[in-house]
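> The structure is given below, and queries will be raised subsequently.
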Amino acid sequence: MVDASYHGSCQCRAVTFEATLDLDHTITCNCSRCQRLGAVLSFTPAEKFHLSSGEDALGEYRFNKKMIAHRFCKICGIEPFAQGVSPDGAQMVAVNVNCLDGVDPRALASTHVDGRSV
């Protein structure tokens, strides 16, 4: 796959977004948060992510080094994305592929990342 545009949301659709993503490079992580969420993540530069609705419905959770803003819907509790900074200093968004319309994240060949050891 090449970069393509996707629509996504939380479960109750209070939070909706559009993002340009490359689903050939998704990851799963075993850190204390991602493992519990069952998240499948696709990273994209912040300029390729647009929050369409729901800024007022979003809560934020940070843990460990508090570098990543895990954004979740305060109504249904789903975390559709997180925001942070890549190692090169660029603003990035980690989209939870489970929240994309028309995508089966279990059919993707994701790379496993050992976030528990970081």
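> Rounded to the nearest 500 deg cm²/dmol, what is the calculated helix-only ellipticity per residue at 222 nm for the chain, with -39500 (n - 2.57) per DSSP H run of length n ≥ 4?
Result for the chain, helices only: -500 deg cm²/dmol.
> Please list, ordered by chain and number, the residues whose modelled amide H lies under 5 Å from the amide H of CYS29; skip anything fewer than 5 residues away on the same chain.
It is VAL113, by chain and number.
> Turning to a different aspect of this structure: Can you find, among PHE63, ALA14, ILE27, the residue farthest towards the positive end of the dipole of the chain? Put +1 on the C-beta of Lys and Arg, -1 on that of Asp and Glu.
Of the options given, the answer is PHE63.
> So, one more: Could you work out the relative contact order of the chain? I mean the mean sequence separation of Cα pairs under 8 Å and 6+ apart, divided by the number of residues, in percent.
Values: 251 pairs, mean separation 36.6, N = 118.
In percent, rounded to a whole number, it is 31.
> Which order, highest average first, do 84-91, 25-32 follow once you tally other Cβ atoms within 10 Å for each residue and take the mean per peptide?
Listed from highest to lowest mean packing, they are 25-32, 84-91.
> Another one. Could you tell me how far the Cα centroid of the stretch 1-54 sits from the Cα centroid of the stretch 58-118, in Å?
With the stretch 58-118 and the stretch 1-54 each reduced to a Cα centre, they are spaced 7 Å.
> Just want the ordering: LEU51, LEU58, from fewest to most Cβ atoms lying within 10 Å of their own Cβ.
Details: LEU51 16, LEU58 19.
Neighbour counts put them in this order, fewest first: LEU51, LEU58.
> Tally Lys/Arg at +1 and Asp/Glu at -1 over every other residue whose Cβ is under 15 Å from the Cβ of ASP3; what's the total?
Residues close to ASP3 contribute a combined charge of -3.
No value in this document is a laboratory result; all are computed from the given coordinates. Predicted model only: the values in this text are computed from it and were never measured. FYI the Cβ positions are ideal-geometry reconstructions off the backbone, even for glycines, and counts take in every protein chain you see.
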